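Taking it in order: structure first as C-alpha cells, then the write-up.
The values are calculated or read from the model by the stated rules, or taken from the named source; none is laboratory data. All values reported here derive from a predicted model rather than from experimental measurement. With ideal geometry, Cβ positions are generated from the backbone for all residues, glycine too; neighbour counts draw on all protein chains shown.
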Amino acid sequence: MDRMSSKQKMIRTALYWGLPVLAVVLIIVGWIAFSAGHPDLMPAPWDVWERFIRTFTRPIAKTTLIGHAWASLRRVLIALLISWAFGIAFGILIGWSRWARAFFGSIFEVIRPIPPIAWIPIVIMWFGLGEFPKVLLVFIGTFVPLVINTSAGIEMVDKINIHVGRIFGGNNKQILKEIVIPTALPSIFAGIRTSVSSGWTTVLAAEMMGAQQGLGSLVTRGWQGSPGSDLTKTGKGGVSMEQQVKRMEIRHLSKTFFSKKGYFTAIDDVSFDVYDGEFLVILGPGRCGKTVMLNIIAGVEDATEGQIIYNGKEWKGLNPEIGMVFQKLALMSFKTVIENVELALKFRGMKKEERREIARHYIKLVGLEGFEDYYPRQLSGGMQQRVGIARAYAADPKLLIMDEPFGKLDAQTRYKMQEDLLKMWEQEKRTVIFVTNNIEEACYLGDRIILLSDCPARVKEVYPIDIPRPRDMVSREFLDLRTVISDNTDLSI
C-alpha cells in the first residue's frame, strides 16, 4: 500500500507540473504553425521576441520603451492627483448636500454615459495638441467616475447611522468625519480603482493625438524599434409612578406620508405621557408605526400634526437629552467597541482620557469588559446589542428610547438581556421608552404598557403594572396580565 501510495504521489506531482508545461508547448507549437501559414495575420514567436528585446535596447522616437511608459505614467499621475484632490471632495459635497446634489447632480447624470475619449475632438479644438490637453483628457476620465462613486457611497450611508450621530449630539462636520465618510470608504476606493483604470485607457487614446512620447504614441507610429516595422503585427491587447412628574407629553401626534400615488398615515392622533424615571413600554404589532413615532420623539423626523412637550416646554427637532438604542444595531463597523461607546462624547469635544474612562465604565456595566478593542463583527448579536446600550448610556441621556432592541436575538439571549437591562435601569435611573411587539417582554419590563392598534397606530389602552420585580413569568399575576393584553390585541402570544 505504501508503494502504491508513493507511486500515486509521483503521478500526481508529474501531472501537476507537466500539464501546464504541456499546455505552453502546445500553444507555442500552434502559434508557430499558424504564423507559418499566415505570416500577414500573426508574426512568428521569435520575431515577437526579437522586437520585445529591441524595445528595451533601441530608442523609439528618440526614447526607449521605458521612457514612453514614464511619459504616460507621469500624465496619469498628474491627472489622478488632481482628480483625487477635487473629485473626492466634490463627490462628498454632492452626496451630503441636497443643494449641491440638486444643482450638480443632473449635470453629472447627463455627462455620466459619455466616454472620456468622446471629449477628444472638443479638447483638441479648444486647447490644441500640447501637453495640457492630454492631462485634461485623463483628468476628465478619472474625475467623473470618482465623483459618481463617492457621491453614491455618501448617499447610500444608512440613514439610521446618521440618526445615531444626530441623536448623540454630533454636528454635521462631526457626523461627516466620524460616520459618513468612513462608511462610504468602500465606494470611494471603488471610485479610485475605477479612476486608475479609466486614466490609463484615456491616456493611451489622448497620446494617439499627436504625442511625441507615451505608449499611445507608439500605436500611431506603428513603431517597434526601427523605421518601417509594423507594431500592429504583434497583436492586441429606564421609575416609580408615585411622583407623577412628567418628563414628556405626547399630544395628538400624527404622521402622514405623501407621494404621487397618494398618501399613507402611519400614526393617527396618538397622545400619552412619559413620567420621570419610569420604564414605559409601547406594545404594538409589527409595522404599525412604532418606529416612525420614536423617530418623531427623538427629533429625526417631523410630525404632520401634534406636539411634543418636554419638561413643560414644546420641543421640536433633536433633543440632546434623548438617547436611542436602535432596532438595527447601527454600530460603526469600522470602529472598535470603545470607539463606538465614546462616539457621543467625542462629538462633544471631550478629552480622550475622560471619555475613555466613561466608556469603560459602561462597557463594564453591560458585561463587556475585556472586549474594548474588538470590532462589532467579532461579537455575537447579544454582545453587539450590549454595545448599543452602553453607547446610549454613555451619552448620559435623561430619556432613553429603545426600539425593539432584542427583536432579533434568540430566546435565551433575549431573556438574559432583559434581566441585564433592568439591572442597569435600577442602577442608573433613566426614563425609558421601550418599544416591542412581544407581550411577555412588555409585561416583564414595563411600569406601564401603552397598547397600540394596527396601522395607523392609535392608543388602544394603557395598562399600569404593579407586579413587583423581579417578575415571575409563570406567576398567576403575570399570566393574568398577559391574557388581558392578548385578548385586546392582534398580536400573537
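A few notes on this one:
Residues checked against (1) part of a strand (DSSP E or B); (2) touching a Phe, Trp or Tyr at 6+ places or on another chain (Cβ under 9 Å):
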residue	(1), (2)
269	yes, no
272	yes, no
280	yes, yes
286	no, no
296	no, no
300	no, no
306	yes, no
314	yes, no
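- Some residue of segment 303-310 being among the hydrophobic types (A, V, I, L, M, F, W, C), at pLDDT 90 or above and buried (at least 17 other Cβ atoms within 10 Å of the Cβ): yes
- Scanning segment 165-177 for residues that are more than 14 Å from residue 92 (Cβ to Cβ), assigned to a helix (DSSP H, G or I) and of a type outside the set (Val, Ile, Thr) gives 165, 166, 174.
- Of all residue pairs spaced 6 or more apart or on separate chains, those with beta-carbon atoms under 6 Å, a first member in segment 394-411 that is in a loop (DSSP other than H, G, I, E, B) and a second member that is of a type in the set (S, T, N, Q) and crowded, with 22+ Cβ neighbours inside 10 Å are 404/436; 405/385.
- Restricting attention to segment 9-26, the residues being closer than 26 Å to residue 45 by Cα and among the aliphatic types (A, V, I, L, M) number 7.
- Per this entry, residue 246 is counted among residues that are surrounded by fewer than 20 Cβ atoms within 10 Å (Cβ to Cβ), closer than 30 Å to residue 453 by Cα, at pLDDT 80 or above and under 43 Å from the mean Cα position of the chain (by Cα).
- Among the numbered conditions (1) within 30 Å of residue 487 (Cβ to Cβ); (2) surrounded by fewer than 16 Cβ atoms within 10 Å (Cβ to Cβ); (3) touching a Lys or Arg at 6+ places or on another chain (Cβ under 6 Å), the only one that residue 287 does not meet is (3).
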